[in-house]
Amino acid sequence: MRVYVLGSGTPTPTAERFGTAYVVEVDGVYLQIDCGPAATWKLAKVGLFPTQIHTLFFTHHHFDHNVDYPCFLLTRWDQSVGTEPELQVFGPPPTVELTERLIGKDGVFSLDYLARMQWPTSQQVFVNRGGTLPRPAPRVHTQDISAGFRLDGDGWTMRCATAHHAEPYLTSLAYRLETPKGSLVFTGDTEPCDSGQQLAQGADGMLCMAWGTDDDVQRSGEAAGTCSVGDAARMAAKAGVKKLVLVHVGPSVGRPPKREEALRNAASFYDGDVVLASDLMTIDF
């Protein structure tokens with residue numbers, strides 16, 4: 001399995017990190033988790049293309065996890081030839097409503113795609129790309145899901161559990177991907193919780209929120225709903241995870257000397273392999 005880290009940061013943009021998005025490659029199948037800032041552009045930066053993504057999962061609907069969703073939807077549709085599999089999108093509410101408000105019949109981007117369907121030059125571009133007129137409107141299957149959901153794909157299974165982040169205002173989920181080659185857990189944004197730890201039991205890898213070092217998170221009063229570096233390490237150790245990838249990394253954590261402090265913080269609780277992620281990083285499991 002290969003993970004493309006499109007976005008490994010927080011709502012605060014830095015030169016190294018911004019927002020959250022990942023793609024997992026399993027035997028030529030590409031599964032995307034979240035769609036944070038510039039995720040579509042970052043796909044191209046790592047050598048992928050939106051039309052290669054047929055399944056997208058959302059952990060929750062904070063903007064740093066979904067703000068590039070309209071760009072991804074429209075780019076995938078605009079660059080298609082009309083024969084790609086229908087995009088499947090799963091996530092907690094309001095995944096269905098959000099999609100409808102973006103590209104539904106009366107969605108905010110309906111004027112854009114209707115113009116591209118009808119304007120002769122756009123039609124010619126579509127034909128030149130290999131499409132056959134009439135040009136179809138965007139087709140997306142969306143489903144609001146909750147903890148306990150399971151999706152079986154060709155050689156992979158995705159299931160989810162409750163994460164604890166910004167309830168009751170937003171519902172948050174963590175995901176576990178199972179394949180014959182191994183298992184990966186994406187905690188999404190969460191504080192340490194039994195449901196996340198149970199989901200991660202024995203996983204080959206876990207991508208876990210790491211907002212800041214233990215000291216910094218406690219000092220700032222921002223511990224509720226978040227995982228510190230130490231929290232991520234403790235959860236990985238208790239779950240017996242083989243590799244821990246620190247993501248959703250706060251602005252200070254990714255830069256010296258705080259970076260070294262963060263890695264020491266993780267190592268004091270977890271003796272497995274620790275990776276401090278940055279945008280456009282590729283990690284093999």
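Structural remarks
- Among the residues listed as Tyr22, Tyr69, Tyr4, the single one being buried (at least 19 other Cβ atoms within 10 Å of the Cβ), hydroxyl-bearing (Ser, Thr, Tyr) and free of Cβ contacts under 8 Å to residues at least 40 places away in the same chain: Tyr69
- Of all the listed residues (Leu87, Leu114), the sole one being open to solvent by less than 80 Å² (accessible area, probe 1.4 Å) and over 25 Å from the mean Cα position of the chain (by Cα) is Leu114.
- Lone qualifier among Thr121, Thr99 - being in a helix (DSSP H, G or I), exposed (fewer than 13 other Cβ atoms within 10 Å of the Cβ) and of a type in the set (Ser, Thr, Tyr): Thr121
- Yes/no for Asp64 being at pLDDT 95 or above, buried (at least 17 other Cβ atoms within 10 Å of the Cβ) and farther than 21 Å from Cys160 by Cβ: no
- Pairs with Cβ under 7 Å, 6+ apart, first in the range 251-263 and of a type in the set (Gly, Ala, Ser), second modelled with pLDDT under 90 and open to solvent by less than 50 Å² (accessible area, probe 1.4 Å): Ser252/Lys258; Ala262/Val253
- Filter result (touching a Ser or Thr at 6+ places or on another chain (Cβ under 8 Å) and not charged (D, E, K, R)) within the range 161-178: Ala161, Thr162, Ala163, His164, His165, Ala166, Thr171, Ser172, Leu173, Ala174, Tyr175, Leu177
- Boolean, Arg159 is modelled with pLDDT of 95 or more, in contact with a Phe, Trp or Tyr (Cβ under 9 Å, 6 or more places away or on another chain) and of a type in the set (Lys, Arg): yes
- Entry remark, the range 146-189: residues being open to solvent by less than 40 Å² (accessible area, probe 1.4 Å) and among the β-branched types (Val, Ile, Thr) number 4 in total.
- In the set (1) exposed (fewer than 12 other Cβ atoms within 10 Å of the Cβ); (2) assigned to a helix (DSSP H, G or I), Lys105 fails one condition alone, (2).
- As for the range 30-46, it holds no residue that is of a type in the set (Lys, Arg), open to solvent by 60 Å² or more (accessible area, probe 1.4 Å) and more than 18 Å from the chain's Cα centre (by Cα).
- Restricting the range 49-61 to residues that are touching a Lys or Arg at 6+ places or on another chain (Cβ under 9 Å) and outside any helix (DSSP H, G or I), the residue that is surrounded by the fewest Cβ atoms within 10 Å (Cβ to Cβ): Phe49
- For the range 174-232, the set of residues classified as part of a loop (DSSP other than H, G, I, E, B) and small (Gly, Ala, Ser) consists of Gly188, Ala200, Gly202, Ala203, Ala210, Gly212, Gly221, Ala223, Ala224, Gly225, Ser228, listed by residue number.
- Given (1) open to solvent by 10 Å² or more (accessible area, probe 1.4 Å); (2) within 18 Å of Ser252 (Cβ to Cβ); (3) at pLDDT 95 or above, number of the condition Met209 does not satisfy: (1)
- Residue match in the range 250-262 (condition: over 16 Å from Thr12 (Cβ atoms), in contact with a helix residue (DSSP H, G or I) (Cβ under 9 Å, 6 or more places away or on another chain) and surrounded by fewer than 23 Cβ atoms within 10 Å (Cβ to Cβ)): yes
- Residue match in the range 213-223 (condition: more than 23 Å from Phe18 (Cα to Cα) and either crowded, with 24+ Cβ neighbours inside 10 Å or aliphatic (A, V, I, L, M) (or both)): no
The values are calculated or read from the model by the stated rules, or taken from the named source; none is laboratory data. Computed from a predicted structure; not experimentally measured. Neighbour counts run over all protein chains shown; Cβ positions are idealised from the backbone, glycine included. Just so you know, the surface numbers come from the protein's heavy atoms only, side chains and all, with ligands and any DNA or RNA stripped out. Shrake-Rupley method; radii C 1.70, N 1.55, O 1.52, S 1.80 Å.
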